[in-house]
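Colleague: Have a look at this one.
The values are calculated or read from the model by the stated rules, or taken from the named source; none is laboratory data. Computed from a predicted model, the values in this text were never measured in an experiment. Please note: Cβ atoms are built from the backbone with ideal geometry, for glycine as well, and neighbour counts cover all protein chains shown.
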Amino acid sequence: MSENKAERAKKVYATLIKMLDNKEWRYERHDDDLVIKSGVKGDDLPIEFIVMVRPENEIIQFFSRLPFEMAEDKRVDGAIAVCVANYGLIDGSFDYDISDGEIRYRLTCSYCGSEISESLFEYIIFCAASTVDRYNDRFFMLSKGMMTLQQFIEQDKH
């Protein structure tokens, strides 16, 4: 990896830290890896997330793993529900591992050849948190049989 990419990544990471500090956000930083771990309290379920600055690809990645797995007998419904949710998303997407029922939200942003601002990081975090908060309860209810797949689909139309 070129030194230029490494230096740009450190600058991007510093901008992210500055935004979090300015918002008085609690977080855990891992400077050697350019990784930040944090979370917020959603309407019902907690939203834990990781933000990684990846110098080799010149990208920022936001990941939020939902705090449960889709029940084994609901995994096909879970796959369809993830597709339904992803269809309407403007930024980011849900990833789904049908083998273990894990669902996570991912938002990736390139900083190649561009200046990164605190407002972009704020957008990434708040967009991601609101998207996860919008869907995590519904995925959970589908997994526990408290909602049918059809009800999940109907709610997504509104």
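Colleague: Could you pull out the residue among Ser130, Ser143, Ser114, Ser110 that is at pLDDT below 95 and over 19 Å from the mean Cα position of the chain (by Cα)?
Modeller: So the residue among Ser130, Ser143, Ser114, Ser110 that is at pLDDT below 95 and over 19 Å from the mean Cα position of the chain (by Cα) is Ser114.
Colleague: Also: Contact list please: Cβ distance under 6 Å, first residue in region 114-140 and touching a residue at least 60 places away in the same chain (Cβ under 8 Å) and under 15 Å from Asp156 (Cα atoms), second residue among the polar types (S, T, N, Q) and surrounded by 15 or more Cβ atoms within 10 Å (Cβ to Cβ), pairs at least six apart or on different chains.
Modeller: Val132/Ser64
Colleague: Let me ask you something else. Being touching a Lys or Arg at 6+ places or on another chain (Cβ under 9 Å) and not aromatic (Phe, Trp, Tyr) is true for just one of Leu34, Leu45. Which residue is that?
Modeller: Only one candidate qualifies: Leu34.
Colleague: While we're on this one: Of everything in region 9-41, what is in contact (Cβ under 8 Å) with a residue 12 or more places away in the chain and more than 17 Å from Ile124 (Cβ to Cβ)? Give them in sequence order.
Modeller: Once the filter is applied, which keeps residues that are in contact (Cβ under 8 Å) with a residue 12 or more places away in the chain and more than 17 Å from Ile124 (Cβ to Cβ), region 9-41 yields Lys10, Arg26, Asp31, Asp33.
Colleague: Which of the following residues is in contact with a Leu (Cβ under 8 Å, 6 or more places away or on another chain) and either surrounded by fewer than 20 Cβ atoms within 10 Å (Cβ to Cβ) or among the aromatic types (Phe, Trp, Tyr) (or both): Tyr111, Tyr87, Tyr123, Tyr105?
Modeller: On inspection, the qualifying residue turns out to be Tyr105.
Colleague: Name the residue that is surrounded by the fewest Cβ atoms within 10 Å (Cβ to Cβ), counting only residues in region 1-39 that are part of a strand (DSSP E or B) and not hydroxyl-bearing (Ser, Thr, Tyr).
Modeller: By that ranking, first place goes to Glu28.
Colleague: Can you find, within region 45-64, the residue that is surrounded by the fewest Cβ atoms within 10 Å (Cβ to Cβ) among those that are under 30 Å from Glu115 (Cβ atoms) and not hydrophobic (A, V, I, L, M, F, W, C)?
Modeller: My answer is Glu56.
Colleague: Consider region 42-51. How many of its residues are in contact (Cβ under 8 Å) with a residue 40 or more places away in the chain and of a type in the set (Asp, Glu)?
Modeller: 2
Colleague: Condition test on Asp73, is it over 18 Å from Ile116 (Cβ atoms), modelled with pLDDT of 95 or more, surrounded by fewer than 16 Cβ atoms within 10 Å (Cβ to Cβ) and more than 19 Å from the chain's Cα centre (by Cα)?
Modeller: Judged against the criteria, Asp73 is a match.
Colleague: Just to be sure before I move on: is Asp100 of a type outside the set (Ser, Thr, Tyr), loosely packed, with under 13 Cβ neighbours inside 10 Å, in contact with a strand residue (DSSP E or B) (Cβ under 7 Å, 6 or more places away or on another chain) and within 25 Å of Gln151 (Cβ to Cβ) in the structure I sent?
Modeller: It is true that Asp100 is of a type outside the set (Ser, Thr, Tyr), loosely packed, with under 13 Cβ neighbours inside 10 Å, in contact with a strand residue (DSSP E or B) (Cβ under 7 Å, 6 or more places away or on another chain) and within 25 Å of Gln151 (Cβ to Cβ).
Colleague: Only one residue in Gly78, Gly42 is surrounded by 12 or more Cβ atoms within 10 Å (Cβ to Cβ), touching a helix residue (DSSP H, G or I) at 6+ places or on another chain (Cβ under 8 Å) and at pLDDT below 90, so which one is that?
Modeller: Checking each option against the conditions leaves just Gly42.
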